[in-house]
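The values are calculated or read from the model by the stated rules, or taken from the named source; none is laboratory data. These numbers come from a predicted model, not from an experiment. Reconstructed Cβ throughout: ideal geometry from the backbone, glycine too, with neighbour counts over all protein chains shown. Accessible surface areas use protein heavy atoms only, side chains included; no ligands, DNA or RNA. Shrake-Rupley method; radii C 1.70, N 1.55, O 1.52, S 1.80 Å.
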Amino acid sequence: MSKRTNHDAAFKARVALEPLKGERTVLELADAYEVHPTMIHQGKKALLEGAADIAEETIHDLHAKIGELAVAQASQSSLSNPANRRRTPISSVRQT
């Protein structure tokens, strides 16, 4: 009976990335890394699901940043353009 091996995260990531390259089959990878093919399938599935979550978060963050930059640009352009400055009517200015 063989002893159960605990693999670190770097090893699991490396093994999960291999089938995405498409250079070798899952069975060849399982033999090369000395793991069960199920581990490779599970790692690949987890990697793809995680990548989708990361992509969603990144897109959300980028949209938020675009909004911030648009507001900043609009406020800067309105301050730098003299035609957009608020003018005080002469009648409301106090004369002493």
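What order do Thr58, Thr5 take when sorted by accessible area (1.4 Å probe), most exposed first?
Details: Thr58 70, Thr5 90 Å².
Largest to smallest exposure gives the sequence Thr5, Thr58.
Let me check I've understood the local charge: for Thr25, count other residues with C-beta under 13 angstrom from its C-beta, Lys and Arg +1, Asp and Glu -1. What total comes out? Spell out each step's value before the answer.
On the way: positive: Lys21, Arg24, Lys44; negative: Glu18, Glu23, Glu28, Asp31.
Charge balance near Thr25 sits at -1.
Can you quote the Å³ per residue value for the convex hull of the Cα atoms in the stretch 7-47, rounded to an integer? Walk me through the intermediate numbers first.
On the way: hull volume 2.4 nm³, N = 41.
Spread over its residues, the Cα hull of the stretch 7-47 gives 58 Å³ apiece.
Would you rank Leu47, Leu62 by solvent-accessible area, highest first, keeping every protein chain in place and using a 1.4 Å probe? Before the final figure, lay out each step's value.
Numbers: Leu47 60, Leu62 100 Å².
Descending accessible area places them as Leu62, Leu47.
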